[in-house]
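Report on the following structure.
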Amino acid sequence: ALAGIRRSWPARAPAVHKMRVDLFDFELPEEAIALRPARPRDSARLLHVPTAGALGDLIVCDAPKLFRAGDLLVFNDTRVIPAALKAVRPSRDPQGPVVHVSLNLIERLGGDRWRALGKPGKRLKAGDGLFFDDGLFATIEAKGEEGDLTLRFDRAGAALDAAIAKIGAPPLPPYIAGKRATDAEDRADYQTIYAAKDGAVAAPTAGLHFTDELVAQFDAMGIERTQVTLHVGAGTFLPVKVEDTSAHVMHSEWREIPADAADAINRAKTEGRRVVAVGTTALRSLESAADEGGRVRAEAGDTDIFITPGYRFRVVDGLWTNFHLPRSTLFMLVSAFAGLERMQAAYAHAIANGYRFYSYGDASLLWRAE
């Protein structure tokens, strides 16, 4: 552990208020799903959702006028690894064709082991060997009930990381990857400008709108910023399949709040300044490390915090975030933050006015419901 960082057991999730999941459902036109980001990044649209009053239709580069000196922006500095891999499984019949396999790494289990999703899943089983480019090899150790695979590679640690970095591609979410092939542009597009710590298998997409020029403008206004780390997992894309929220099992993700970040956040709260999380991952990191009084601990460990309406926010005053999937834990989170009816109205406005949704889509700025 780093000096000043307390290693934690998995952060204890707050009690989830029981609500019907269909309250968080909505119809989204297929054409609303963004397949490419806005260029430049800060030319994306921004929907301002104040606690009351009219919604505001802006552009991301106009965002500074919604902030004031002394506000603290909290970014997630995780870096997406190239977790989408291609492999070949030899035929079990000496005369048969090989099977071409597409894999997405979703969770590191050890120095040489990863959990992954693979297609065609029905043609893969425990004991199969997988051959990758650059001489990389893996054995399928196990196959889970949900079809996930446990892979053991023939190298570990930094050597395995280097091989994955060389042959892998950005792990685009299924609603993009199912409609077009990943290409060279995605290597830059699917990474924030401040990404620093390898480990995510999905981007903290709210941060994709920020440019060096926009950050410089915030700095010039006297708006502070700090960084935490949460390695985003593939579970962030999963819809909730149960009928009520209390039955949902939240995925776990590793996060770290450095001592300097905790100090900056606690100082801002003490001085009555606003803390604005850039992304739901930054928000979940802070709320999972806060005590009842809202003081944030410097710590590192897993969190499976699941935030639904009824949750009492302890730290975050504002949230910069993208537009999320129906029935997702993220739409539940923003509904808890700004109010369910308010977010239903905001999403209806966004759909009616042609906002672009999901990872490469437009942004919203929400303020916590009082």
Whole-percent carbon and sulfur contribution to the accessible surface of region 90-161 (1.4 Å, no ligands, DNA or RNA) stands at 50
Sorted largest first, the C-alpha extents of region 95-206 along its principal axes in whole angstrom are 46, 33, 28
Residue 58 neighbourhood, Cβ < 14 Å, K/R = +1, D/E = -1, net charge -2
In units of 2.2 N^0.38 Å, the Cα radius of gyration of the chain is 1.00
Computed from every Cα-Cα pair in region 247-370, P(r) in 10 Å bins starting at 0 and rounded to whole percents is 12, 44, 33, 11, 0
Long-range share for region 50-138, i.e. C-alpha pairs more than 15 Å apart as a percent of all pairs, stands at 73
Under the helix-only model (-39500 (n - 2.57) for each DSSP H run of 4 or more, divided by the residues of the chain), the mean residue ellipticity at 222 nm, to 500 deg cm²/dmol, is -5500 deg cm²/dmol
Result for region 217-370: accessible area per residue, probe 1.4 angstrom, in square angstrom, of 34
Taking every other residue with Cβ under 12 Å from the Cβ of residue 218 and scoring Lys and Arg +1, Asp and Glu -1, one gets -3
Computed curve, region 140-185, Cα-only Debye sum without solvent term, log₁₀ I(q)/I(0) at 0.21, 0.28 Å⁻¹, is -0.95, -0.96
Of all trypsin sites (Lys or Arg not before Pro) in region 124-229, the ones in DSSP coil with at most 12 other Cβ atoms within 10 Å are 179, 180
Rounded to the nearest 0.05, FRET efficiency between residue 20 and residue 185 (Cβ-Cβ, R0 25 Å) equals 0.05
With Rg from the Cα atoms and Rh as the Kirkwood inverse mean 1/r over Cα pairs, region 147-240 has an Rg/Rh of 1.02
Rounded to whole Å², per residue accessible area for region 82-162 with a 1.4 Å probe reads 55
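The values are calculated or read from the model by the stated rules, or taken from the named source; none is laboratory data. Remember, it's a predicted structure, so these values are computed and weren't measured experimentally. Note that we place each Cβ from the backbone using ideal geometry, even for glycine, and neighbour counts take in every protein chain shown. What goes into the accessible areas is simple: the full protein's heavy atoms, side chains included, and nothing from ligands, DNA or RNA. Shrake-Rupley method; radii C 1.70, N 1.55, O 1.52, S 1.80 Å.
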